[in-house]
Amino acid sequence: MNHIVIIGFMGSGKTRVGKRLAKDFDLPFIDIDRVVTRKMNLSVKDIFDKFGEPFYRALETTVIKELIKDQEQKVISLGSGLPMQEQNEKYIKQLGTVVYLKGSYETLKERLENSKSNPLIDGDDKADKIKKLLKQRDPVYAKFADIEMITGDKPFEELISQLEEKL
Ligand code: S3P
């Protein structure tokens, strides 16, 4: 199925942009993190704490495999870490058109400073963790992208109209 697939770092705006595209194109919106946390009835942090990260990653993979078979077109936001898992590579490519919301380190750091907790960047050295993870992840996101949009450098409405033109 040719879903619209949104990828990008934490704080890049995947949910906000995804929800808006879904509204404008009259499609359902799915956030994979939400599907996983609903299945488990636990927060991401609690799943990481109780069962470990590999267990969470396995659940993400189960969900994208289900979505490949889903015949109803959707806008799908992938958790930031999902494209980093090698086992997901072939599935992401089958999901649909991939949009990478690319944020600069400065933009993401600012947005994540006061964000809800995320097990991978929590702690005193949040800025360093963001920098390191972003460096690892940006080339991987770029590799998957059919469309790359810079986020944080222009008003939201402008981002949406430019993106919708490309889709
Ligand atoms: C993660 C990002 C989160 C969530 C989990 C792991 C990551 O998703 O999947 O906490 O590895 O960066 P968001 O990108 O929606 O915050």
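The residue that is nearest to the ligand (Cβ to nearest atom), among those in the range 18-57 that are more than 19 Å from Met84 (Cα to Cα) and in contact with a strand residue (DSSP E or B) (Cβ under 6 Å, 6 or more places away or on another chain), is Gly18.
Within the range 97-155, which residues are β-branched (Val, Ile, Thr), out of contact with any strand residue (DSSP E or B) (no Cβ under 6 Å at 6 or more places or on another chain) and modelled with pLDDT of 90 or more? Those that are β-branched (Val, Ile, Thr), out of contact with any strand residue (DSSP E or B) (no Cβ under 6 Å at 6 or more places or on another chain) and modelled with pLDDT of 90 or more: Thr107, Ile130, Val140.
At least 3 residues that are of a type outside the set (Ser, Thr, Tyr) and in contact (Cβ under 8 Å) with a residue 40 or more places away in the chain in each: list the strands (runs of 3 or more DSSP E) lying fully within the range 1-106 that qualify.
Details: elements: 3-8, 29-31, 75-77, 96-103.
In the range 1-106, the matching strands (runs of 3 or more DSSP E) lie at 3-8, 29-31, 96-103.
Out of Glu72, Glu66, Glu53, Glu110, report the one residue that is among the acidic types (Asp, Glu), closer than 18 Å to Val17 by Cβ and more than 16 Å from the chain's Cα centre (by Cα). First the steps, then the outcome.
Numbers: Glu72 fails: closer than 18 Å to Val17 by Cβ; Glu66 fails: closer than 18 Å to Val17 by Cβ; Glu53 fails: closer than 18 Å to Val17 by Cβ.
Sole residue among the options that is among the acidic types (Asp, Glu), closer than 18 Å to Val17 by Cβ and more than 16 Å from the chain's Cα centre (by Cα): Glu110.
Filtering Gly79, Gly152 for residues that are surrounded by fewer than 19 Cβ atoms within 10 Å (Cβ to Cβ) and touching a helix residue (DSSP H, G or I) at 6+ places or on another chain (Cβ under 9 Å) leaves a single hit, Gly152.
Anything in the range 107-117 that is part of a loop (DSSP other than H, G, I, E, B) and free of Cβ contacts under 8 Å to residues at least 40 places away in the same chain? List them, or say none.
Pass one, the range 107-117, residues part of a loop (DSSP other than H, G, I, E, B): 114-117.
Asn114, Lys116 - these are the residues of the range 107-117 that are part of a loop (DSSP other than H, G, I, E, B) and free of Cβ contacts under 8 Å to residues at least 40 places away in the same chain.
For the range 127-143, residues that are closer than 22 Å to Pro54 by Cα and surrounded by 13 or more Cβ atoms within 10 Å (Cβ to Cβ) total 8. When restricted to residues that are within 16 Å of the ligand (Cβ to nearest atom) and over 16 Å from the mean Cα position of the chain (by Cα), the range 87-106 contains 2.
How many residues, within the range 118-167, are within 24 Å of Arg20 (Cα to Cα) and outside any helix (DSSP H, G or I)? Lay out the reasoning, then the answer.
Here is the first cut: in the range 118-167, the residues within 24 Å of Arg20 (Cα to Cα) are 118, 138, 141-142, 144-167.
This time we only want the ones that are outside any helix (DSSP H, G or I), so: 118, 145-155, 167.
Total meeting the criteria: 13.
The values are calculated or read from the model by the stated rules, or taken from the named source; none is laboratory data. Predicted model, so just to flag it, every value in this text is computed and none were measured. FYI the Cβ positions are ideal-geometry reconstructions off the backbone, even for glycines, and counts take in every protein chain you see.
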